[in-house]
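The structure appears right after this line, and notes come after that.
The values are calculated or read from the model by the stated rules, or taken from the named source; none is laboratory data. No experiment lies behind these values; they were computed from the predicted model shown. Here the Cβ is made from the backbone with ideal geometry for all residues, glycine too, and neighbour counts use every protein chain on show.
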Amino acid sequence: MLESPTTKTFAEFCQRADYSLMDSLQVDPQATTDGNDHKPRQVFSGHYVPVNPTAIPEPEYIAHSKTLFNELGLSHELAVDEQFRRFFSGDITVASEPMRPVGWATGYALSIYGTEYIQQCPFGTGNGYGDGRAISVFEGLLNGRRWEMQLKGGGPTPYCRGADGRAVLRSSVREFLAQDYMQALGVPTSRSLTLYVSRSETVFRPWYSQNSRSIDPDTLVESPTAITTRVAPSFLRIGQLELFARRARNNAHQTALTELQRIVKHLIARNYQHVIDPGLSFPDQVVELAYVFRGRLTSLVANWMRVGYCQGNFNSDNCAMGGFTLDYGPFGFCELFDPRFQPWTGGGAHFSFFNQPIAAEANYQMFWTAIRPLLINSPEALARLDQIREGFAEIMNQEVESMWAKKLGLNRYDATLVNEMLELMVLSKVDYTIFFRKLSYVPEELSTLKESFYMPNSEQVDARWCNWLQRWRDQIKNCGEIRVTSAAMKCINPKYTWREWLIAPAYNKAEQGDYSLIKELQAVFSNPYDEQSSEVETKYCRLKPKKFLNAGGVSHYSCSS
């Protein structure tokens, strides 16, 4: 039974505010005090810029996360409360003390696969890169835990690089649903709070025409603006540590190294408070941070592969220091199995499905590089830090091998069995999620697995499958009772996955004011491992229709939003 909500009114919600970031970190000394700071400019120092969001006009409620509301102790009636709706659609003038009258945006650096970039900065210096349309508006304690709340699509900030700072309904629906779904899958993630749409404001974005087979968007579409609120213990990223480390390395200003030290201390307090002993010396805390973050990051990426998720753009600025999934723009879930699966047209093979462990190590390299200056006077701690960095690939490999063993119901990893399975999966063009769910029943006959194949096989490939299936079942029998193993596999291999061709109708209908499919998807995604009704199974647990293969906006897409 759910406990009664502890926060029933917006006034009570305001009382939960507690701003550790703004209180403990350095504000940009060139910033305004009133948050009227919406034009692109260079930010040379400081950890954050006070900035007010730009409210979407005539906001209308679409959905809220019942799971997160329960977790935070929020009354569900708050989601449609006028002041709550206004606040989380960008009008923070309704806030009352101790809530602050301004929000904030942060700068960060960009690295791609371990290479530093400043080309995307409009000033060519790296001082203009950061939260372009994500504005944090609340930090506080809810049900005994600290959370930060951030508006996605809340208007321009100094980091907007000339854009309008808006998000369209399409991308907002995707992010809102995806975060709730990943939470239900048991994959660490930022969370969804609310989703509101403007009844009067629209913007134009490049997108795909109906039935398009184009790689890149081939038309301009007019879409309603929307704001989704994402929630996390913090939104600190590797890119932020990088930014201050670069400034320290380049002697950009006198307090550069101090700013790096302060943000690392803040990171530990926000994301590692319960696992890193505050009584340790600061160098020892930094080493412990590197160790625990390595564990979180490698576990996260193994979980991504377990559920078929591809981040699409796993740069350092999209890598949360808390060790959870961040940035639901260019993401996708693998249907027709391909190790090279990459949903984002701008991502390239280096960010493809099976390359994510390598991308994670490149990001960890940038994290390691960023924190090394903090240990320059502690050679013993520095040596331990370097040893942790050297062990990344081995730990990542162990996590992935453990993941495959669990997906197959084995007591230990069998490289020969897994590698042959992956080869056969490619040859048979299997649906990643349906295949492993069928396998979870520990079938005796190949016919069961064939229900996940997109095309028939040759007799030779079928014979290889039969041989593999028998060898795998022999190992399963040695692992214990088949019924127990099957039940465990069903808790690892979801029944329902994210299928873009079933998401697109939801946001298309939403543009016409019909939010029924969003509600339906929320319900399906809330229990992805469970057997649901026959109607739900018929609709949501099936192979992708041929007409959607290679379809622009469905099988691949830009992250234009």
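Just a few scattered comments:
- Of the residues making up the range 321-364, those that are in contact (Cβ under 8 Å) with a residue 24 or more places away in the chain, part of a loop (DSSP other than H, G, I, E, B) and under 13 Å from the mean Cα position of the chain (by Cα) are 321, 322, 323, 324, 326, 328, 329, 330, 331.
- Helices (runs of 4 or more DSSP H) contained entirely in the range 448-549, each with at least 1 residues that are farther than 25 Å from residue 195 by Cβ: 459-478, 482-490, 534-540
- If you go through the range 113-135 and keep only what is part of a strand (DSSP E or B), more than 20 Å from residue 21 (Cβ to Cβ) and touching a residue at least 40 places away in the same chain (Cβ under 8 Å), you end up with just 116.
For every residue, the table says whether it meets (1) without any contact (Cβ under 8 Å) to a residue 24 or more places away in the chain; (2) polar (S, T, N, Q); (3) within 22 Å of residue 176 (Cβ to Cβ); (4) outside the structural domain of residue 227 (by TED's automatic domain parsing).
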| position | (1), (2), (3), (4) |
| --- | --- |
| 480 | yes, no, no, yes |
| 502 | no, no, yes, yes |
| 512 | yes, yes, yes, yes |
| 520 | yes, no, yes, yes |
| 524 | no, no, yes, yes |
| 529 | no, no, yes, yes |
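- Residue match in the range 83-101 (condition: under 20 Å from the mean Cα position of the chain (by Cα) and surrounded by fewer than 20 Cβ atoms within 10 Å (Cβ to Cβ)): no
- Sub-7 Å Cβ pairs linking a first residue in the range 423-434 that is assigned to a strand (DSSP E or B) to a second residue that is of a type outside the set (Phe, Trp, Tyr), at least 6 apart or interchain, are 430/452; 431/335; 431/336; 431/452; 431/543, ordered by first then second residue.
- Out of 308, 295, one residue alone is touching a helix residue (DSSP H, G or I) at 6+ places or on another chain (Cβ under 9 Å) and closer than 20 Å to residue 372 by Cα. It is 295.
Every residue, every condition in (1) assigned to a loop (DSSP other than H, G, I, E, B); (2) crowded, with 24+ Cβ neighbours inside 10 Å, yes or no:
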{"residue": "254", "(1), (2)": "yes, no"}
{"residue": "267", "(1), (2)": "no, no"}
{"residue": "273", "(1), (2)": "yes, no"}
{"residue": "276", "(1), (2)": "yes, no"}
{"residue": "305", "(1), (2)": "no, no"}
{"residue": "314", "(1), (2)": "yes, yes"}
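- Matching residues in the range 123-150 - criterion: being crowded, with 20+ Cβ neighbours inside 10 Å, within 20 Å of residue 243 (Cβ to Cβ) and aromatic (Phe, Trp, Tyr): 129
- Summed over the range 274-302, the residues that are within 22 Å of the chain's Cα centre (by Cα) and closer than 17 Å to residue 320 by Cβ give a count of 13.
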